[in-house]
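Below is one structure, written out as structure tokens; comments come after it.
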Amino acid sequence: MAKKLVCFVFLNGYNLMRTNNLKPVAFSLLMLFFSAFNMAKGEKGSSAAQKSSVAEFAGDWSGEEKCQNISAPVARITITAKSDEMVYVSGLYSTVGNVVGTVKGNTITIPRQIIPDPLFVNFRIEGTLTLARNKKTINAIIIVSNNDARDYCSGTYSKQ
């Protein structure tokens, strides 16, 4: 149910943004707020959603990224533990560099950061990766900027 609601909010927000009825900044704030609200609530009040660890995220994941500008029908990411609360994510948005994220409960939060990548200039990325209850799927909301151009993405990855 929560996954359907996230998709509904994302697609409607994206359509509003495309028709200039919603500014990109408002869209990104809406998605981040909704993600945070949905994660804080958990699914059906279950505390199990809050007990994920870095080890459950670690490994290779494959899926797809649907973006406003550049989509990847086949996307592969690797998550590596850096500490008990920090991870490296490589391959996100097809980047070469590592993205640093913080794990809290079932969510990796990626604060806005500059990623050195030979394919992009002034490349910044931010977003959230949320581990599903089944522990085999990650849902992502990603915002990237390359110079002043922005791209808004959602992604779904499965554990390999």
Identify the residues of segment 52-67 with backbone N under 19 Å of a label point that sits 7 angstrom from the Cα of S90 along the Cα-to-Cβ direction, or state none.
55-63
Rounded to whole Å², per residue accessible area for segment 52-122 with a 1.4 Å probe reads 53 Å²
Give the ranking of E85, E65, E126 by solvent-accessible surface, highest area first, calculated with a 1.4 Å probe.
E85, E126, E65
Taking Cα atoms of segment 51-160, Rg/Rh with Kirkwood Rh, to two decimals?
0.94
Using only protein heavy atoms and a 1.4 Å probe, report how much of S145 is accessible, in Å² to the nearest 10.
20 Å²
Can you tell me which aspartates and glutamates have their Cα less than 15 Å from the Cα of K104? Leave out same-chain residues fewer than eight positions away.
E56, D84, E85
Run the dipole for segment 55-126 about the Cα centre, Lys and Arg Cβ at +1, Asp and Glu Cβ at -1, nothing else charged, and hand back the magnitude in debye, nearest 20.
180 debye
Excluding G155 itself, calculate the net charge of residues whose Cβ lies under 10 Å from the Cβ of G155, where each Lys or Arg counts +1 and each Asp or Glu counts -1.
-1
Rounded percent of accessible protein surface that carbon and sulfur make up, segment 59-160, 1.4 Å probe
50 percent
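The values are calculated or read from the model by the stated rules, or taken from the named source; none is laboratory data. Bear in mind that the values here come from a model prediction, so they are computed numbers and not experimental data. In this analysis, Cβ positions are derived from the backbone assuming ideal geometry, glycine residues included, and neighbour counts consider all displayed protein chains. Note: accessible area is taken over every heavy atom of the protein model, side chains too, but ligands, DNA and RNA are not part of it. Shrake-Rupley method; radii C 1.70, N 1.55, O 1.52, S 1.80 Å.
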